[in-house]
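Undergrad: Quick one: this structure, given as structure tokens, is what I'll be asking you about.
The values are calculated or read from the model by the stated rules, or taken from the named source; none is laboratory data. Since this is a predicted model, take the numbers as computed values, not measurements. Glycine also receives a Cβ, built like all others from the backbone with ideal geometry; neighbour counts cover every protein chain displayed.
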Amino acid sequence: MSKDLIALEDTYGAKNYKPLDVVLERGEGIWVWDVEGKRYMDCLSAYSALNQGHTHPRLLKVMTEQAARLPLTSRAFRNDQFPMLAKELTELTGYEMMLPMNTGAEAVETALKVARRWGYEVKGVPDGQAEIITCAGNFHGRTITIVTFSTEDQYKEQFGPFTPGFVTVPYGDADALEAAITPNTVAFMVEPIQGEGGVILPPDGYLKRAREICDQNNMLFMADEIQTGLGRTGKLFASEWEGVRPDVVIIGKALSGGFYPVSAVLSDRPVLGLFKPGDHGSTFGGNPLGSAVAREALKVLVDEGLIENAQVQGEYFKGRLERLESDHIAEVRGKGLLIGVELKDSAGGARRFAEALQEEGLLCKETHANVLRFAPPLIITREEVDWAMERIARVLEGN
């Protein structure tokens, strides 16, 4: 059956992804099953969208109940779920306001728009001259504007012309950030850890120094926490590891526990309060179905101690990976349950190891050519980490 479904997808679906050839039909917790009934451990979590695990019963209950009651109103009318999500999310994160969207890319675009608006109305940058600084190796999405400041050639090839107003600096280099600032710079946008870039951590103190530079130059510090936020690294936000409070935080993915596309931009009133009716919007953003699920997804993170578990199990998982005796491993890096294993050039690429792990019943994915990313749901136990490590050791030490 898998072979037939893969053939259908390859025939009728645009080939903008290269997935592993496993066809999944069911999930529960950290486990998924393919159409033939084989069980796998999910060590990717849909790129951190499944922090709460597959088909979490509390989220399933809320989803079905709300879907039967009222899925969508648009923002032309009010509903009874969005106000509660706005209150609970801002109270949890310590920000004054939130703006709901659906996908991570939409939330990034929202943040870019509000940063420009802030630059013109508050900082006084001449109209049409705002500049936003981003980092090499970033991944913030795939819209035309976002790929404008990507440094990955494939993401940009034959998609121009691009959007002006962006400056790129090396990731982790605070001096380069400072040198790139002009009177028209309105914001700096950064991932606290570059997930798609290969699980790249900046030098210690980088985020804190960047925060200071932004303060000194009257510009917004914007953190894209779509993959790193909501507990993935063992803190609510990865920025917290350096005691940094961004002016703007972008979240998505795990905000709905994998049940529904929900994203948001968080900030305080002097920033998000600049939007007026008609300035920005989304038919589905803030809908009652997504809002109800997001409310419960946040409660699950807190009630079940998933943020703390990510730190504990992440340290254990990373420690065991570091102790592997494999000639293929160049470096193990990460924070919490976002871990990358960089392979040496002689290893022949990460894809073959991901495929070998699939045969062993563990699903992960290569990022770039030479990094394996391990990011299981935050509900994982030590015993389940041990189960994973038996297979990882067999593949990385035995190939």
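Undergrad: Restricting attention to strands (runs of 3 or more DSSP E) lying wholly within the range 131-197, give those where 1 or more residues are within 18 Å of the chain's Cα centre (by Cα).
TA: Numbers: elements: 131-135, 166-169, 185-190.
The qualifying strands (runs of 3 or more DSSP E) are 131-135, 185-190.
Undergrad: Next question. Quick one: in the range 343-356, of everything that is in contact (Cβ under 8 Å) with a residue 40 or more places away in the chain and in contact with a strand residue (DSSP E or B) (Cβ under 7 Å, 6 or more places away or on another chain), which residue is nearest to G258 (Cα to Cα)?
TA: Among those that are in contact (Cβ under 8 Å) with a residue 40 or more places away in the chain and in contact with a strand residue (DSSP E or B) (Cβ under 7 Å, 6 or more places away or on another chain), it is A354.
Undergrad: Could you tell me whether G172 is at pLDDT 95 or above, on the phi > 0 side of the Ramachandran plot, in contact with a Pro (Cβ under 8 Å, 6 or more places away or on another chain) and buried (at least 16 other Cβ atoms within 10 Å of the Cβ)? Working first, answer last.
TA: Working: at pLDDT 95 or above: yes; on the phi > 0 side of the Ramachandran plot: yes; in contact with a Pro (Cβ under 8 Å, 6 or more places away or on another chain): yes; buried (at least 16 other Cβ atoms within 10 Å of the Cβ): yes.
Yes, satisfied.
Undergrad: Being in a loop (DSSP other than H, G, I, E, B) and in contact (Cβ under 8 Å) with a residue 40 or more places away in the chain is the filter here, so list the residues in the range 211-236 that pass it.
TA: If we filter the range 211-236 for residues that are in a loop (DSSP other than H, G, I, E, B), which is where we start, we get 217-219, 225-236.
The answer is N218, M219, I226, Q227, T228, L230, G231, R232, T233, G234, K235, L236.
Undergrad: Would you check which residues across the range 237-290 are free of Cβ contacts under 8 Å to residues at least 12 places away in the same chain and under 15 Å from R211 (Cβ atoms) and list them?
TA: Correct list: E240 only.
Undergrad: Follow-up question, since we're still on this one. Exactly one condition in (1) at pLDDT 95 or above; (2) not in a helix (DSSP H, G or I) is not met by Y17; state its number.
TA: Of the numbered conditions (1) at pLDDT 95 or above; (2) not in a helix (DSSP H, G or I), the odd one out for Y17 is (1).
Undergrad: Quick one: which strands (runs of 3 or more DSSP E) sit completely within the range 297-399 and have at least 2 residues that are within 27 Å of L24 (Cα to Cα)?
TA: The qualifying strands (runs of 3 or more DSSP E) are 338-343, 365-367, 371-374.
Undergrad: Among what's in the range 1-39 and is charged (D, E, K, R) and in contact with a helix residue (DSSP H, G or I) (Cβ under 7 Å, 6 or more places away or on another chain), pick the residue that is surrounded by the fewest Cβ atoms within 10 Å (Cβ to Cβ).
TA: Result: E36.
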